[in-house]
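K.L.:
Take this structure first; my questions come after.
The values are calculated or read from the model by the stated rules, or taken from the named source; none is laboratory data. Values in this document were obtained by computation on a predicted structure and should not be read as measured data. Cβ atoms come from the backbone with ideal geometry, glycine included; neighbour counts cover every protein chain shown. These accessible areas exclude ligands, DNA and RNA; they are computed on the full protein's heavy atoms, side chains included. Shrake-Rupley method; radii C 1.70, N 1.55, O 1.52, S 1.80 Å.
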Amino acid sequence: MHFDENHKPVCRIIILNYNGEALLKECLPSIIDAAHHSRYSCSMTILDNQSRDNSQKFIEENYASLVDFVKSPQNLVYCSFNDYIKKLKEPYVLLLNNDIKVDPKFIDPLMDILMEDKNCFLAASQSRNMDDGAYHGSLSKMEMKNGLIWGTSRFIGYEKKIARKNLTMQAGYGAFRRDMFVDLGGFDTLYLPGTVEDTDFCFRAYRKGWRAFYCPESIVYHYGQMSFKKEFGISGLRRINRRNLYLFVWKNIRDPWLLIQHLFFMPLHLLKYIAFGEWDFILGFKDALIRFPEAMIRRIRMRKELSSISDRDIFALSKSL
C-alpha cells in the first residue's frame, strides 16, 4: 500500500529478509515511521529470500495494509534485488537489510540528492553501529593495493570527514536511480553468497561516469552481517571475501600496469598466506580459481561497454576523498 494515497509513489523501499522475524519486529517500525515522515511518496516491500521462520505471518498479521510481502524465487542474497527491481515502475528504489533501524528523517536527504543530480546513481546514508551509535561506514574509499582491490570506511582522517557530504566509492544499501541500477544489471551473482558485490557495482557505475554520494544527514543504525556471521563464521567470511577480491580484479581491471602489479603480487600473497598459516585465504584463492572462467566470461562481455573514466582515474578520485 502507498503511504501517500494522493500521489504516485516515486520511491519503493525494499527490505531484504531471510529468517529475520525478530529483526523485522525490532527494525521495521522505524522504517514505516520514516516513510510517513518523508516529503516523497513511498511504498514498501519485504523481499523475502525463502525464509523458513514466521516472517511472512508476522507481516501479514501486523502490516498487511502497509507493506507488500514478496517471496524471491530463490535465495540469491543481494542479487535477489535484481529481478524484482526490473519489474518495478517507481523511478527510485531504497534498498535496506532487515537488520537496519533508521532515523525518522533519513529518506529525504537521499532522495534530494538523486533529484538534484541526474548523474548520481546512488545516495548512501551515514551508517552507525546499532549497539553504541558510533560511526559504522558508507563514506568509503576503493583502491588497488598490492595488486588487489581494497576498500574501507576507516581510511586515515575519516573522522574529520564523516559530517560532510562527499562522494563515496562503495555502498551496498541506500537510494538508487532505478534505471541506472537496471542498466548495470544489478549485483553480480559471481560473488555469491556475498561481499565485494557492492564494490563491483559502484566501480562499474563510476566507469560509466556516474557518481555515488555519501549523505551524512541521512542516518541508519546497522547490526552488520548478522546472517553471514551466523551462517559462515569469521573464517568463512574471510575465505569468501578473499575469493571475491581476486574475482573483482580478473573481471574488472583493464589497466595493463595494474594487471602487471596484480600478477607480480599474486605469488607473494600465496607465500605470505602459507607463512602465516592463513588457510582461509589460501582456500579463498582456490575458490577464486574455480570461478575464474565465470569471471572471464563477464570480462569479455564487458568489452562492449564504453568507459567514460579509466581504472586509474577511478582510484585517483577515491584517493582525493
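K.L.:
Restricting attention to the stretch 29-39, report how many residues are assigned to a loop (DSSP other than H, G, I, E, B) and open to solvent by 40 Å² or more (accessible area, probe 1.4 Å). Talk me through it step by step, then tell me what you get.
P.N.:
Filtering the stretch 29-39 down to residues assigned to a loop (DSSP other than H, G, I, E, B) leaves 38-39.
When the remaining residues are screened for being open to solvent by 40 Å² or more (accessible area, probe 1.4 Å), the result is 39.
Residues meeting the conditions: 1.
K.L.:
Hey, another quick one. How many residues are farther than 19 Å from residue 103 by Cα and out of contact with any strand residue (DSSP E or B) (no Cβ under 9 Å at 6 or more places or on another chain) if we restrict to the stretch 34-69?
P.N.:
The qualifying residues number 9.
K.L.:
Could you tell me which numbered condition residue 143 fails, if it satisfies all but one of (1) farther than 20 Å from residue 16 by Cβ; (2) touching a helix residue (DSSP H, G or I) at 6+ places or on another chain (Cβ under 7 Å); (3) part of a helix (DSSP H, G or I); (4) of a type outside the set (Val, Ile, Thr)?
P.N.:
Among (1) farther than 20 Å from residue 16 by Cβ; (2) touching a helix residue (DSSP H, G or I) at 6+ places or on another chain (Cβ under 7 Å); (3) part of a helix (DSSP H, G or I); (4) of a type outside the set (Val, Ile, Thr), the lone unmet condition for residue 143 is (3).
K.L.:
With the requirement that a residue be open to solvent by less than 50 Å² (accessible area, probe 1.4 Å) and in contact with a helix residue (DSSP H, G or I) (Cβ under 8 Å, 6 or more places away or on another chain), what does the stretch 271-295 give you?
P.N.:
Here is the first cut: in the stretch 271-295, the ones open to solvent by less than 50 Å² (accessible area, probe 1.4 Å) are 273, 277-278, 280-282, 284-285, 287-288, 295.
Passing the criteria: 273, 278, 280, 281, 282, 284, 285, 287, 288, 295.
K.L.:
Which of the residues belonging to the stretch 297-321 are farther than 30 Å from residue 156 by Cβ and open to solvent by 50 Å² or more (accessible area, probe 1.4 Å)?
P.N.:
Initial filter on the stretch 297-321 (farther than 30 Å from residue 156 by Cβ): 297-306.
297, 299, 300, 301, 303, 304, 305, 306, listed by residue number.
K.L.:
Among the residues of the stretch 44-97, which ones are under 13 Å from residue 28 (Cα atoms), open to solvent by less than 10 Å² (accessible area, probe 1.4 Å) and not in a strand (DSSP E or B)?
P.N.:
Listed by number, the residues that qualify are 55, 59, 67.
K.L.:
Anything in the stretch 98-135 that is open to solvent by 30 Å² or more (accessible area, probe 1.4 Å) and hydrophobic (A, V, I, L, M, F, W, C)? List them, or say none.
P.N.:
Answer for the stretch 98-135, where residues must be open to solvent by 30 Å² or more (accessible area, probe 1.4 Å) and hydrophobic (A, V, I, L, M, F, W, C): 115, 130, 134.
K.L.:
Shifting gears a bit: Tally up the residues in the stretch 278-308 that are under 30 Å from residue 209 (Cα atoms), within 22 Å of the chain's Cα centre (by Cα) and modelled with pLDDT of 95 or more, please.
P.N.:
6
K.L.:
Can you find, within the stretch 146-171, the residue that is farthest from residue 216 (Cα to Cα) among those that are open to solvent by less than 20 Å² (accessible area, probe 1.4 Å) and either hydrophobic (A, V, I, L, M, F, W, C) or touching a Pro at 6+ places or on another chain (Cβ under 6 Å) (or both)?
P.N.:
So the residue we want is 148.
K.L.:
Within the stretch 172-180, is there a residue that is basic (Lys, Arg), over 30 Å from residue 32 (Cβ atoms) and buried (at least 20 other Cβ atoms within 10 Å of the Cβ)? Walk me through it before giving the result.
P.N.:
Our first condition is that a residue be basic (Lys, Arg); within the stretch 172-180, this holds for 177-178.
Remaining after also requiring over 30 Å from residue 32 (Cβ atoms): none.
No, there is no match, as no residue in the stretch 172-180 is basic (Lys, Arg), over 30 Å from residue 32 (Cβ atoms) and buried (at least 20 other Cβ atoms within 10 Å of the Cβ).
K.L.:
Within the stretch 115-140, track down each residue that is over 21 Å from residue 96 (Cα atoms) and touching a residue at least 24 places away in the same chain (Cβ under 8 Å). I'd like the intermediate steps shown before the answer.
P.N.:
Keep residues of the stretch 115-140 that are over 21 Å from residue 96 (Cα atoms), which gives 116-119.
Correct list: 117, 119.
K.L.:
Let me ask something else about it. Within the stretch 35-82, how many residues are of a type in the set (Val, Ile, Thr) and closer than 19 Å to residue 231 by Cα? It would help to see each step written out before you state the result.
P.N.:
At the first step, the residues of the stretch 35-82 found to be of a type in the set (Val, Ile, Thr) are 45-46, 59, 67, 70, 77.
After this cut, where a residue has to be closer than 19 Å to residue 231 by Cα as well, the list is 77.
Summing the residues that are of a type in the set (Val, Ile, Thr) and closer than 19 Å to residue 231 by Cα in the stretch 35-82 gives 1.
One line per residue, one yes/no per condition, for (1) outside any loop (DSSP other than H, G, I, E, B); (2) over 22 Å from residue 102 (Cβ atoms); (3) touching a Gly at 6+ places or on another chain (Cβ under 7 Å):
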| residue | (1), (2), (3) |
| --- | --- |
| 179 | yes, yes, no |
| 183 | yes, yes, no |
| 199 | yes, yes, yes |
| 203 | yes, yes, no |
| 220 | yes, no, no |
| 232 | yes, yes, no |
